Each structure stands twice: as C-alpha cells, then as structure tokens.
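Remarks on the structure that follows.
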Amino acid sequence: NAGVTQTPKFQVLKTGQSMTLQCAQDMNHNSMYWYRQDPGMGLRLIYYSASEGTTDKGEVPNGYNVSRLNKREFSLRLESAAPSQTSVYFCASGTGRTDTQYFGPGTRLTVL
Amino acid sequence: QKEVEQNSGPLSVPEGAIASLNCTYSDRGSQSFFWYRQYSGKSPELIMSIYSNGDKEDGRFTAQLNKASQYVSLLIRDSQPSDSATYLCAVNGGADGLTFGKGTHLIIQP
C-alpha cells in the first residue's frame, strides 16, 4: 500500500515549456487535490476533484489545468511555465471534502 | 475569505517540557479541524483530527477545540528533539475543502 505517489520528484523547466505532474493513490479515495507550497504563503489549493469525472478550481488555478483520469489518478499540467510557478507541488487524497487528506511526497519544480 | 492564523515562531521549548501550539480560524461554520506535522523538505503528515469541543488525546499529543472562541490548540507532552518541525493547522469549512495556516516552526532544545 503506497498511499499517494507523485512523479517526478524534481523538475527544472525553462520559461514557456510545458509539463505534467502525475499523482496516483491506492486508498480508494474519492477526492483528490493539488496544492502548491511557497515560503511564507503556506499551502494553497490549485484544483481539486471531488469524484471521478469532476474537477473544480481552488484558490490559485491560473496557469494550470488538471485531469482526473480515473479514480486513482489526478494530473496537473503547466501549459506554459513561468518563474512564478516555481514551487513545491503536493498532491493529496481524501474520502471527502470534510475528511482527512493524505499527502504525497511532493514535486520540487524550478522554472528558469 | 476563510482564514486560519498561526504564530509563525520559531517556538523554542526545552526537551521534556510541554509544547503548546495555537490556531485561530475565521469561519464559524467550520466542522473539522486537523493538525499536520511537516519536517523540512517533506510532505505534511497528519497528527490529529478533532471535530467536537473539548480535548482529544493520542499518546503524547492532545488537541483542544473551542468553537465558541474559534480556537484550536495542540499540546505535545514530554517534547523530544524529533518533534522539531513545522506544525500546520487546517480547518474544513465545507465546499472549499481544507484551509491551512502558514504553520508554526517548533524547535525542541536538547
């Protein structure tokens, strides 16, 4: 039982490049989330998916897109990376919006 | 705008003492409250959840909730150097999921 897994662990991009961050969970959770964490800003919600087939914007969705591929997988795409997107990205899953969320190990992204 | 406030610290506590971490929240409709621990360079890890007014104990950790005062706290008894980390308070107010505080950096001095 791996919990929540994320790939890649580290990534360096140039401004304007695109990439997809992958997330998968094996806990049979309905809800999945993408956060970014920046120094002094705390964890901020980018997008979430309450169930397979649905996605909703969080606090900071601009510049990102998501896909809930199936119940297990939830990906985050940066279409045209900007230096302001340099951050640590965490994926999380939970049984519902009011319940505990479990976090993946994170992806450290640097945009030059 | 829902807000969760924590003192950023650092909070320095001698080994073996009680560490007290505090959190206030703005949304009176919040129903679920969580404490996460985050070591430097790692992901947040759940320590405690609390849903009702009063105290909830789990080993060396006690969470306290006072909904009337919109206040949540975490007590760590017999503090150990391994407790040194950033502690995140998270509050659930419904449709928007969890709102996190910015965290309190705790240092346990040997």
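In a residue-by-residue description of region A:54-62, the property of being without any contact (Cβ under 8 Å) to a residue 24 or more places away in the chain, out of contact with any His (no Cβ under 7 Å at 6 or more places or on another chain), more than 22 Å from residue B:3 (Cα to Cα) and open to solvent by less than 50 Å² (accessible area, probe 1.4 Å) applies to no position. Here is the figure for region B:1-18: residues that are in contact with an Asp or Glu (Cβ under 7 Å, 6 or more places away or on another chain) and either outside any loop (DSSP other than H, G, I, E, B) or surrounded by 13 or more Cβ atoms within 10 Å (Cβ to Cβ) (or both) total 1.
Does region B:86-109 include one or more residues that are over 13 Å from the mean Cα position of the chain (by Cα), surrounded by fewer than 20 Cβ atoms within 10 Å (Cβ to Cβ) and of a type in the set (A, V, I, L, M)? The answer is yes, given that some residue of region B:86-109 is over 13 Å from the mean Cα position of the chain (by Cα), surrounded by fewer than 20 Cβ atoms within 10 Å (Cβ to Cβ) and of a type in the set (A, V, I, L, M).
A count restricted to region A:63-98 and to residues that are in contact (Cβ under 8 Å) with a residue 60 or more places away in the chain, out of contact with any His (no Cβ under 7 Å at 6 or more places or on another chain) and within 15 Å of residue A:4 (Cβ to Cβ) stands at 4. Pull up region A:80-112, narrow it to residues that are charged (D, E, K, R) and assigned to a loop (DSSP other than H, G, I, E, B), then point me to the one that is surrounded by the fewest Cβ atoms within 10 Å (Cβ to Cβ). The extreme case among them is A:99. Looking across region B:1-57, the residues that are in contact with a Pro (Cβ under 6 Å, 6 or more places away or on another chain) and within 11 Å of chain A (Cβ to nearest Cβ) come down to B:36, B:38, B:43. Taken over region B:21-61, the residue count meeting the criterion of being open to solvent by 30 Å² or more (accessible area, probe 1.4 Å), over 18 Å from residue B:71 (Cα atoms) and in contact (Cβ under 8 Å) with a residue 24 or more places away in the chain is 3.
The values are calculated or read from the model by the stated rules, or taken from the named source; none is laboratory data. Predicted, not measured: the structure shown is a model, and the values here were computed from it. Note: ideal-geometry Cβ built from the backbone for every residue, glycine included; neighbour counts use all protein chains shown. With ligands, DNA and RNA removed, areas are computed over all heavy atoms of the protein, side chains included. Shrake-Rupley method; radii C 1.70, N 1.55, O 1.52, S 1.80 Å.
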